[in-house]
Amino acid sequence: MTDPGREIWDGMLAHLREHHAAICRQWFEELEPAGVAGGSLQLRTSSPLHRDYLRRQCGDSFNDACRTVSGRLLSVKFLGPDDAAAKPVPPVKKATALHNGAPLHQVAQPPAQQIESRPVAEPVVEQPRHFPTGRYESLVVNPDYAFENFVVGPENRLAHAAGLAVAARPGRTYNPYFVHGGVGLGKTHILQAVCLKIAETDPRAVMYYTSCEGFVTQYFECVQSGQMAEFRHRFRDVDVLVIDDIHYLTKRERSQDEFFHTFNALFQANKQIILSSDAPPEDIPDLEDRLVSRFKWGLVAKVEAPCYETRVEILKMKARLRGLTLPDDAAAYIAQRIDTNIRELEGAIVKLHIQAAVEKVPIDLALAKLALGDNTPTIVGEPTIQSIIDAVTDFYAIRLADLQSKLRQRSVALPRQVCMFLARRCTRHSLEEIGGFFGGRDHTTVMHAIKTIEARRAQSTEFAAILASLEDKVRLPPVARA
């Protein structure tokens with residue numbers, strides 16, 4: 001007997017790899033379907049942190065894949081290893097027993113689909129909470145940012161070793177632990193790796209992980225609403241406080257004063273404090289001397305830009321996390337081209353992943369050069385709107401008739417807006433002409449579509465990479481495109 005949950009999940013994995021490549025991770029294969037109940041496909045994760053990450057980062061993509069594969073209006077529900085799964089209500093079976101003188105199977109019964117769709121009450125299971133809940137949630141911790149996935153080089157060796165020591169004995173080894181360096185060099189990875197390790201070794205530990213901007217915003221909101229007691233409980237009644245980008249405190253006297261007292265309360269209680277900054281404590285402008293002094297009580301570690309060899313290993317690690325095989329020559333080429341920071345290296349892997357999905361080819365050196373803008377074939381003429389439609393409908397797996405229809409579902413509206421954006425960017429057609437290709441829409445609709453896509457591109461690295469790959473494809477000569 002086949003398992004419908006397993007069939008849907010297997011199909012979802014394939015759909016996610018093809019249409020949501022940027023979010024895919026190798027550990028998705030470890031997710032286990034726990035059945036379909038209450039209108040949801042239940043997927044069980046290996047830890048509460050994996051569950052929380054999926055809920056907050058991947059919900060829309062998983063729901064889209066689930067509904068596309070199943071052909072039903074199902075949503076995805078993520079469960080932790082100890083969360084109770086809802087059980088489907090079995091349909092009422094026919095019987096020959098009498099009910100008020102009539103056979104039971106002749107008595108009116110609710111339709112089976114209505115029975116199955118009734119929500120099933122789940123037993124309440126108390127779970128250990130690594131992070132406080134409430135209005136202000138802790139920043140999401142990415143399971144990819146474990147120590148096992150941190151590439152150690154001469155530029156970050158001290159910071160990595162100190163992070164391991166802090167995770168092994170929080171509050172007693174290096175307190176505070178202050179890590180600093182330029183943008184995109186791995187500070188956040190170290191902070192989250194410490195959180196993941198502590199959560200693994202001590203599930204009862206209470207951690208609060210936020211940005212300094214989040215600290216300042218919450219402080220002023222609580223001052224205005226008279227909820228300072230709640231604010232202090234949130235930041236002081238924890239075992240580990242992790243604050244990213246502490247340099248945001250500069251020129252904020254009242255916030256600095258509040259953080260000073262928070263720091264003292266935690267330090268005196270032997271609670272671990274972990275901070276990151278773009279600069280060492282003494283170089284943060286307009287930071288009070290008493291805070292500079294306290295930040296230097298523990299260990300201050302610097303991370304620097306990775307060398308060539310480290311960059312190659314980082315690229316291979318980022319590819320492995322996505323289940324990709326990155327040839328040595330492609331890794332070497334990208335590492336040579338990008339020498340600024342790790343964030344740009346990861347962006348290159350995202351673009352390469354999406355480029356491979358769009359082109360439906362394996363990753364090799366030629367694809368790496370194409371993804372990074374090298375060796376692009378000479379453009380012959382101007383792309384046509386039809387070539388743009390072909391590329392977009394192929395990528396999003398929809399029909400031309402849907403693009404030209406009045407449908408406004410997100411699964412149709414987004415590809416239609418992408419077509420309009422690319423048509424305006426890659427052709428010389430007017431707004432009115434572009435609108436005419438898509439069901440006779442007027443120029444204001446096209447303008448709205450272009451603004452929507454530009455805003456989304458600015459907010460999402462994944463979406464920007466998809467647009468770049470589609471544009472590269474439609475700008476190829478017809479022979480190369482075929």
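A compact table of results
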quantity: Exclusive hit being closer than 24 Å to HIS353 by Cα and more than 23 Å from the chain's Cα centre (by Cα), set LEU422, LEU431; calculated: LEU422
quantity: Subset of region 338-362 [of a type in the set (Lys, Arg) and under 16 Å from the mean Cα position of the chain (by Cα)]; calculated: ARG343, LYS351
quantity: Positions within region 397-408 being free of Cβ contacts under 8 Å to residues at least 24 places away in the same chain and surrounded by fewer than 14 Cβ atoms within 10 Å (Cβ to Cβ), in sequence order; calculated: ARG399, ALA401, ARG408
quantity: Criterion (outside the structural domain of LEU324 (by TED's automatic domain parsing), part of a helix (DSSP H, G or I) and over 26 Å from the mean Cα position of the chain (by Cα)) met by exactly one of ALA413, ALA391, ALA401; calculated: ALA401
quantity: Pick from region 69-99, criterion modelled with pLDDT of 85 or more, touching a helix residue (DSSP H, G or I) at 6+ places or on another chain (Cβ under 8 Å) and not in a loop (DSSP other than H, G, I, E, B), ranking: surrounded by the most Cβ atoms within 10 Å (Cβ to Cβ); calculated: VAL76
quantity: Close pairs from region 43-57: first loosely packed, with under 15 Cβ neighbours inside 10 Å, partner in a helix (DSSP H, G or I), Cβ under 6 Å, at least 6 apart; calculated: SER46/GLU30
quantity: Single match in LEU241, LEU291, LEU287 (criterion: within 21 Å of GLN192 (Cβ to Cβ) and in contact with a helix residue (DSSP H, G or I) (Cβ under 8 Å, 6 or more places away or on another chain)); calculated: LEU241
quantity: Leading residue by the ranking (modelled with the lowest pLDDT) among those in region 45-68 that are part of a helix (DSSP H, G or I) and either of a type in the set (Ser, Thr, Tyr) or more than 17 Å from CYS24 (Cα to Cα) (or both); calculated: PRO48
quantity: Any hit, region 135-143, residues being in a helix (DSSP H, G or I) and over 30 Å from CYS222 (Cα atoms); calculated: no
quantity: Boolean, VAL36 is touching a Gly at 6+ places or on another chain (Cβ under 7 Å), surrounded by 19 or more Cβ atoms within 10 Å (Cβ to Cβ), touching a residue at least 40 places away in the same chain (Cβ under 8 Å) and closer than 30 Å to LEU467 by Cβ; calculated: no
quantity: Any hit, region 234-254, residues being more than 28 Å from SER293 (Cβ to Cβ) and either assigned to a loop (DSSP other than H, G, I, E, B) or not β-branched (Val, Ile, Thr) (or both); calculated: no
quantity: Odd one out for GLN26 among (1) under 21 Å from VAL141 (Cα atoms); (2) out of contact with any strand residue (DSSP E or B) (no Cβ under 6 Å at 6 or more places or on another chain); (3) buried (at least 16 other Cβ atoms within 10 Å of the Cβ); calculated: (3)
quantity: Members of region 276-304 that are hydrophobic (A, V, I, L, M, F, W, C), surrounded by 17 or more Cβ atoms within 10 Å (Cβ to Cβ) and either free of Cβ contacts under 8 Å to residues at least 24 places away in the same chain or in contact with an Asp or Glu (Cβ under 8 Å, 6 or more places away or on another chain) (or both); calculated: VAL303
quantity: Which listed residue is of a type outside the set (S, T, N, Q), modelled with pLDDT of 85 or more and in contact with a Cys (Cβ under 8 Å, 6 or more places away or on another chain), from ARG343, ARG322; calculated: ARG322
quantity: Number of the exception - SER277 against (1) over 28 Å from ALA356 (Cα atoms); (2) of a type in the set (Gly, Ala, Ser); (3) more than 23 Å from the chain's Cα centre (by Cα); calculated: (3)
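Matching residues to (1) surrounded by 17 or more Cβ atoms within 10 Å (Cβ to Cβ); (2) within 29 Å of GLY347 (Cβ to Cβ):
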{"site": "ARG410", "(1), (2)": "no, yes"}
{"site": "VAL418", "(1), (2)": "yes, yes"}
{"site": "ALA423", "(1), (2)": "yes, yes"}
{"site": "ILE434", "(1), (2)": "yes, no"}
{"site": "THR444", "(1), (2)": "no, no"}
{"site": "GLU454", "(1), (2)": "no, yes"}
{"site": "ALA458", "(1), (2)": "no, yes"}
{"site": "THR461", "(1), (2)": "no, yes"}
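The values are calculated or read from the model by the stated rules, or taken from the named source; none is laboratory data. Source: prediction; values computed, not measured. As a convention, Cβ positions derive from the backbone with ideal geometry for all residues, glycine included, and neighbour counts pool all protein chains shown.
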